[in-house]
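Participant: Take this structure first; my questions come after.
The values are calculated or read from the model by the stated rules, or taken from the named source; none is laboratory data. Just so you know, these numbers come straight off a predicted model, no measurement behind them. Here the Cβ positions follow ideal geometry from the backbone for every residue, glycine too, while neighbour counts run over all protein chains shown. The accessibility values were calculated without ligands, DNA or RNA, using every heavy atom of the protein model including side chains. Shrake-Rupley method; radii C 1.70, N 1.55, O 1.52, S 1.80 Å.
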Amino acid sequence: MSEDQPEHREKASFAIDVEHAKRFTALRKAQRLAMAVWVAETVEESNGGISWWEARLEARRRRSELWPTLDQIVEAAVRQRLAEEDLAGPWERLSEAEEEVASLAGRGVGKNYPGFLITRTYELPVSLLRELRTTAVRVSAEPLEELESRGLLYASLEYSLEDYEKRNELVEAVMSAPRIVRQALERYGPWPPDQYPPSSLPALSSGVVSPEQD
């Protein structure tokens, strides 16, 4: 692939917090309005030198700079989360079989998330999706193996208190791809400064940490 050609992107679905989805909906509406205002002001300020169509074309060319799409916002957030020390690797590349399994939905160890989740689909670079899935598999391998060896892989009302506490500890160490995406959005998403989600960087620095897992 040449440097002039954009990288191929692929659609992938993730369970994200409903609050993330609500904010994204509001952001998208605000962006559409901002683009319309920008076009109108550009035409007016040009005193007839720029037509409405020309202004719209220029707005579209500058969209990634001024009004990034939700795909771009998610991509940027995920890249930053994957660069953090606990996920940075380097990780051994997945085999074809591992990559095929990693692309399947619903491979978590059971919902353990304080909020409500909703599935959303984003179009991300193939290389980023590969990195995300590789990280999720490699980071989660040991806790998943221990969960299975102890017979704690699935939730059960028959666990002893010790088993229950151990399972929660191991589940917390499992980093599924959707969980990584949720943390990425919480830490690096475009949230208002007074509405930081539980695992955003300001919340983490203040000691307000809430467990979550799909």
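Participant: Applying a 10 Å radius around every beta-carbon, put 84-96, 122-134 in order of their mean neighbour count, most first. Provide the component values of the computation, followed by the final result.
Facilitator: Values: 84-96: 11.2, 122-134: 18.4.
Packing proxy ranking, top to bottom: 122-134, 84-96.
Participant: May I ask which residue of 70, 90, 101 lies farthest towards the positive end of the charge dipole of region 59-103, with charges of +1 (Lys, Arg) and -1 (Asp, Glu) on Cβ and the Cα centre as origin?
Facilitator: Going by the charge dipole, the pick is 70.
Participant: Spelling out what I want: for every residue of region 89-100, take phi, set θ = phi - 60°, compute 6.51 cos²θ - 1.76 cosθ + 1.60 (Karplus), and round to whole Hz; glycine and proline get x.
Facilitator: Working through the residues one at a time gives x, x, 10, 5, 4, 5, 6, 4, 5, 5, 5, 5 Hz.
Participant: Taking θ = phi - 60°, what integer Hz values does the Karplus form 6.51 cos²θ - 1.76 cosθ + 1.60 yield along region 122-130, in sequence order, with x for Gly and Pro?
Facilitator: 10, 9, 10, x, 4, 5, 5, 4, 5
Participant: Can I ask one more? Please list 3J(HN,Hα) in residue order for region 152-167, calculated via the Karplus relation 6.51 cos²θ - 1.76 cosθ + 1.60 where θ = phi - 60°; whole Hz, with x for glycine and proline.
Facilitator: After applying 6.51 cos²θ - 1.76 cosθ + 1.60, I find 10, 5, 10, 5, 8, 7, 8, 5, 6, 4, 5, 5, 4, 5, 5, 4 Hz.
Participant: Let me ask something additional. Whenever you get a sec, line up 52, 38, 67 from highest to lowest accessible area (probe 1.4 Å, protein heavy atoms). Present the calculation step by step, with values, prior to reporting the outcome.
Facilitator: Values: 52 130, 38 55, 67 20 Å².
Highest to lowest solvent-accessible surface, that is 52, 38, 67.
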